[in-house]
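The values are calculated or read from the model by the stated rules, or taken from the named source; none is laboratory data. Bear in mind that the values here come from a model prediction, so they are computed numbers and not experimental data. When we count neighbours, we look across all protein chains shown, and the Cβ atoms used for this are built from the backbone with ideal geometry, even at glycine.
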Amino acid sequence: MDLTLKPHTPTVPQKAFVKNQQATTSQLTLMLNYDGPMTVAVNALQWQTYKSGIYNGCTSTEVNHDVYLIGIASDSWKIKNSWGVRWGEYGFIRLALGNTCGVCEKPAFGFK
């Protein structure tokens, strides 16, 4: 039996990290489906009063807040915010599909 120590080669592939590249709705959907949840920047200036439903009230796509994009439905993005469970839908917001509130402006995601 050979007990010689050998260098360890990791078996887990390294992931790259890409951020701050504008994406289309289709590209963001593909990224979400392929790679899973990701950080995105949004314009959240008017989100303070959000309680529920699909939000489409942003007047700008100039981003100012990072959130976690976790899912997509036929009519909305599902996003986890950092403002606690008393805000929105237990800490989540549903944004109308498209570049609503600048959600497609600066995604940050890993890839294999």
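Laid out as a table, the results:
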read-out: Residues satisfying the stated conditions in segment 48-80, i.e. in contact with a helix residue (DSSP H, G or I) (Cβ under 8 Å, 6 or more places away or on another chain) and under 20 Å from Tyr90 (Cα atoms); value: Tyr55, Asn56, Leu69, Gly71, Ile72, Trp77
read-out: Residue in segment 91-103 that is touching a residue at least 40 places away in the same chain (Cβ under 8 Å), within 14 Å of Met38 (Cα to Cα) and within 16 Å of the chain's Cα centre (by Cα) present; value: yes
read-out: Residue that is nearest to Leu45 (Cα to Cα) [pool: residues in segment 61-112 that are hydrophobic (A, V, I, L, M, F, W, C) and in a loop (DSSP other than H, G, I, E, B)]; value: Val63
read-out: In segment 71-90, residue farthest from Ala23 (Cα to Cα) [restricted to those that are among the small types (Gly, Ala, Ser) and either exposed (fewer than 15 other Cβ atoms within 10 Å of the Cβ) or touching a Pro at 6+ places or on another chain (Cβ under 8 Å) (or both)]; value: Gly84
read-out: Hits in segment 1-56 - residues which are at pLDDT below 90, in contact with a strand residue (DSSP E or B) (Cβ under 6 Å, 6 or more places away or on another chain) and of a type in the set (Phe, Trp, Tyr); value: Phe17
read-out: Options Tyr68, Tyr34: the member that is on the phi < 0 side of the Ramachandran plot, exposed (fewer than 12 other Cβ atoms within 10 Å of the Cβ), of a type in the set (Ser, Thr, Tyr) and under 17 Å from the mean Cα position of the chain (by Cα); value: Tyr34
read-out: Of residues in segment 37-65 being under 11 Å from the mean Cα position of the chain (by Cα) and among the β-branched types (Val, Ile, Thr), the one farthest from Cys104 (Cα to Cα); value: Thr39
